[in-house]
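First the structure, in the form of structure tokens, and then the observations on it.
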Amino acid sequence: MSRSRQAWLMSAWFGIACASPATPNVAQSPATSSANPAPPAPDPEAFRLSPPKPGPHPAVQFPTPTVKKLANGVTLLVLPKRSAVTTLSVVTREGGSSLPVGKSGLAALTARMLTEGTQRRSSLALAEASESLGSTLEADAGRDEVQVGLSALTSDVARALELLAEVVYQPAFREADFARVKNEWLDGLRAERQEPSRLASLVALRSLLVPCAGAPVSGGIPDVEKLTVADLKAFHKRSFAPANLAVIAVGDVTLSQLEPDVERLFGRAKGTALAPQPTSALPEPLTKRKLLIVDRKDSVQSSIFAIQPFPKRAEPGFEAREIMASLVGGLFTSRLNGNLREEHAYTYGVHGQALSTRSWGAFYVTTEVKSETTADALSELFTELERAQDPKRGKPINEQEASRARTDLVHSLGARLEHTSSLASSMATLFTQQLPNDYYTKYPAFVSGVPTSEVTAQAARLTPQRMLVVIVGDRAQLEVPLKQRGYELEAADPRLLE
């Protein structure tokens, strides 16, 4: 068949295939000729059109631990929870704030080295021992505490306690292990100092507080470089004395079950806690606002960290300060986030929080913004804090936002009930901050009972006119706009970055 013939047939076939079918005579269809179609059947599930109303909030019932002090001074806290896993933790009331000047990082490195071998086991053997329990040894340090712990099946609690006692009372602190860990630690410190937000917080805390209190828990690079095994052994001996120590157990266990093993493993330890290292008095608050700049040439954004002194943990009004900090800067619906993110689109997010340790407290705000909007964002930040501080500025704290913050705090406490590890962390705070045993049991009532007037009173402690502000960004882009708004920049001391 010729190609022209093939083309003609194909054309004819497609023409037939694509031709429109004959249009039916609609008038002849009795189904479509009805002028009054039957009404639709009633919806058998019409109740779905009205969503159910939310029920009352369930009460958060936080358990109270059973506590016993052993004869040598060790505290045993047991919090029963139906669970296949039990979390065990040993906590001491000594941390980063207990260190003398020049020894920053010592508490954190000591905690890290506790997991690097004992007098009976090498680093590898210790890891294998914890893995045989289906667990991993974890150690950490804060400003007020050092803790080491692990989670294991409840049936393995006795073995886990044996291992934990060995780690706490028989650390090896081998020179070779310490040299390796210290080098890794220093690499981590150098790496984190490439992060603008971390630099801003380092400079701010060190500038606001004395060198001891303001030093990072992880340590300054020059201080860590000088630490020795002898330093670790001395800190361990002082901080892990029985009177400073608590053994915490959270799981399907009871005090009567654990007490014999804890008494055998921890109750025979001896030692007297040495007198705390003398600390310098905290500096006087600033008399005016101070802006420090860490220059990062060609940076397209600025990291802002604004901070001021605030009451320490034990000062009355702690719960009211928590509520205030949440509504001002903690929640996504906070005032600061509503202003800087939602209204002005200066940032993806801003966070404000009230820090509190046994010896000092601080309120801070941190965010990151574009370089060209830094001056405007900073101005709005101060404006929002001033409105919270002074009801006469036209935006007094109202009951609705205070209630929202209260609810969030109570629900956050309830979230801790999910995991034994979260509960153990709460018990560690209970011990290190020397709170009543039933503090968390009563916490929902404490928070719910704080009147909005008390929240307003704590907000009056804000001093945006005398805050210390650290900005990490390109000074060449920032200086003129900031000066136009009346802000004077000072270069941060390079030693604060180490």
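The values are calculated or read from the model by the stated rules, or taken from the named source; none is laboratory data. The structure presented is a predicted model; accordingly, all values stated were derived computationally and were not measured. Using ideal geometry, Cβ is built from the backbone for each residue, glycine included, and neighbour counts are taken over all protein chains shown.
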- Check on Ala139, hydrophobic (A, V, I, L, M, F, W, C), in a strand (DSSP E or B) and in the same structural domain as Val90 (by TED's automatic domain parsing): yes
- Options Arg358, Arg296, Arg289, Arg341: the member that is under 25 Å from Asn398 (Cα atoms) and among the basic types (Lys, Arg): Arg341
- Check on Glu372, part of a helix (DSSP H, G or I), closer than 23 Å to Glu479 by Cα, at pLDDT 95 or above and over 24 Å from the mean Cα position of the chain (by Cα): yes
- Query: Restricting attention to segment 339-351, does a residue exist that is in a strand (DSSP E or B) and either of a type in the set (Asp, Glu) or at pLDDT 95 or above (or both)?
  - Reply: yes
- Looking at (1) over 30 Å from Ala362 (Cβ atoms); (2) at pLDDT below 95; (3) not acidic (Asp, Glu), which is the only condition Ala215 fails? (1)
- Please list, ordered by first then second residue, the pairs with beta carbon atoms under 7 Å, 6 or more apart or interchain, first in segment 222-250 and under 17 Å from Phe178 (Cα atoms), second among the small types (Gly, Ala, Ser) and buried (at least 21 other Cβ atoms within 10 Å of the Cβ). Asp223/Ser104; Asp223/Gly105; Val224/Gly105; Leu227/Gly105; Phe235/Ala107
- Output the residue which, of all residues in segment 82-115 that are touching a Phe, Trp or Tyr at 6+ places or on another chain (Cβ under 9 Å) and of a type in the set (Lys, Arg), is surrounded by the fewest Cβ atoms within 10 Å (Cβ to Cβ). Arg112
- Message: On the basis of being closer than 30 Å to Ser98 by Cβ, assigned to a strand (DSSP E or B), among the aliphatic types (A, V, I, L, M) and in contact with a Lys or Arg (Cβ under 6 Å, 6 or more places away or on another chain), does Ala362 make the cut?
- Response: no
- The one condition in (1) among the aliphatic types (A, V, I, L, M); (2) within 18 Å of Glu454 (Cα to Cα); (3) touching a Leu at 6+ places or on another chain (Cβ under 7 Å) that Leu291 fails to fulfil: (2)
- Item | One residue from Ser197, Ser201 being touching a Phe, Trp or Tyr at 6+ places or on another chain (Cβ under 6 Å) and either farther than 30 Å from Trp360 by Cα or in a helix (DSSP H, G or I) (or both) | Ser201
- Message: Name the residue that is farthest from Pro211 (Cα to Cα), counting only residues in segment 344-361 that are surrounded by fewer than 21 Cβ atoms within 10 Å (Cβ to Cβ) and hydrophobic (A, V, I, L, M, F, W, C).
- Response: Ala345
- Filter result for Pro494 (under 30 Å from Val300 (Cβ atoms) and surrounded by 18 or more Cβ atoms within 10 Å (Cβ to Cβ)): no
- Message: If I go through segment 86-118 residue by residue, how many of them are part of a helix (DSSP H, G or I) and under 23 Å from the mean Cα position of the chain (by Cα)?
- Response: 10
- Out of segment 485-498, which residues are in contact with a helix residue (DSSP H, G or I) (Cβ under 9 Å, 6 or more places away or on another chain) and assigned to a helix (DSSP H, G or I)? Arg495, Leu496, Leu497
- Just checking, which of Arg206, Arg180 is in contact (Cβ under 8 Å) with a residue 24 or more places away in the chain, assigned to a helix (DSSP H, G or I), within 22 Å of Lys103 (Cβ to Cβ) and outside the structural domain of Asp298 (by TED's automatic domain parsing)? Arg206
- Task: Select from segment 441-484 the residues that are surrounded by 12 or more Cβ atoms within 10 Å (Cβ to Cβ) and part of a loop (DSSP other than H, G, I, E, B) and list them in ascending order.
- Result: Val450, Ala460, Arg461, Leu462, Thr463, Met467, Asp474
